[in-house]
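Following: one structure in structure tokens, then a few remarks.
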Amino acid sequence: MNNIGIQLKWAAIITAFACLWAAMEKALGYHDDFSNIIVTAFFYYIILTFLWAFAFIDKKKSLGKDAVWEFKNALKYGLLLTALLTILSPISQYIIYESISPDYFNNVIKHQLESGNHTKEDLELIHNINFSIRQGVMNSLSLGVIYSALYAWVFKTKKSQINKPVAAPVSKTNKKKK
């Protein structure tokens, strides 16, 4: 694939995963009853971590078996993927909260009001589409930079993997005799 093709592919896969995960949570009732939301978030981030790893593996494979992929180049790849995911984040947030689970914010406000720790006005400030889009962008940027640095370090070509030229051995017949 061309320079940006693999990043576009993985940005689309990760964004689609986020939307599908939200649909699964909604279908399982986790957007109405928030008792298992921590467990589902835990599994979401585990799968997300693996998707990022697969994105780096895919890029490294596309470079070829003998290619050298230095930390700097791997980090650039990850940061471009981060930028693409950050651009797609508002779109996925909109899809999740307006199409997949339009009652999410009302349900989470109702759930937290039942716990009695906050006022409705306070909860409405943090549980709305605008705040979620901003939070999604910040999460994409922060996690993207962390994943990029981590996987750039993990998947860079190790010094032992770089083929160093070997000097031709000097044969005894080529030496001049004194």
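Please report, as a whole percent, how much of the solvent-accessible surface of the chain comes from carbon and sulfur atoms (probe radius 1.4 Å).
Numbers: 7410 of 11730 Å².
Roughly 63 percent, rounded to a whole number.
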For ILE129 paired with TYR94, estimate the spin-label separation in nm (one decimal), with each label point 7 Å from Cα along the Cα-to-Cβ line.
0.8 nm
Once you've got the GNM for the chain with C-alpha springs shorter than 10 Å, pick whichever of GLU121, GLU70, GLU25 has the biggest mean-square fluctuation.
GLU121
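Looking only at Cα atoms, what is the convex hull volume of the chain per residue, in Å³? List each step's numbers first, then the result.
Values: hull volume 27.2 nm³, N = 178.
Expressed per residue, the convex hull around the Cα atoms of the chain is 153 Å³.
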Overall Cα dimensions of the stretch 1-58, principal axis frame, Å, largest first
45, 16, 10
The chain: angle of helix 5-27 to the longest principal axis, Cα-based, in degrees nearest 10:
30 degrees
Roughly speaking, what is the centre-to-centre gap between the stretch 110-157 and the stretch 34-109 when only Cα atoms are used, to the nearest Å?
13 Å
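Which pairs in the list LYS9/LYS72; LYS9/LYS156; LYS9/LYS110; LYS26/LYS59; LYS26/LYS60; LYS59/LYS158 are over 27 Å apart, alpha-carbon to alpha-carbon?
On the way: LYS9/LYS72 21 Å; LYS9/LYS156 21 Å; LYS9/LYS110 38 Å; LYS26/LYS59 33 Å; LYS26/LYS60 36 Å; LYS59/LYS158 16 Å.
Flagged as over cut-off: LYS9/LYS110; LYS26/LYS59; LYS26/LYS60.
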Hey, what's the chain come to in accessible area per residue, 1.4 Å probe, Å²?
66 Å²
How would you order 9-17, 78-86 from highest to lowest mean count of nearby Cβ atoms within 10 Å?
78-86, 9-17
Please label the shape of the stretch 24-113 as rounded, prolate or oblate, based on the square roots a ≥ b ≥ c of the eigenvalues of the alpha-carbon gyration tensor (a/c under 1.5 means rounded; beyond that, a/b larger than b/c means prolate, else oblate).
prolate
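The values are calculated or read from the model by the stated rules, or taken from the named source; none is laboratory data. Keep in mind the model is a prediction, meaning the values are calculated, not measured. Cβ: placed from backbone, ideal geometry, glycine included. Neighbour counts: every protein chain shown. Note: areas computed on protein heavy atoms with side chains; ligands, DNA, RNA excluded. Shrake-Rupley method; radii C 1.70, N 1.55, O 1.52, S 1.80 Å.
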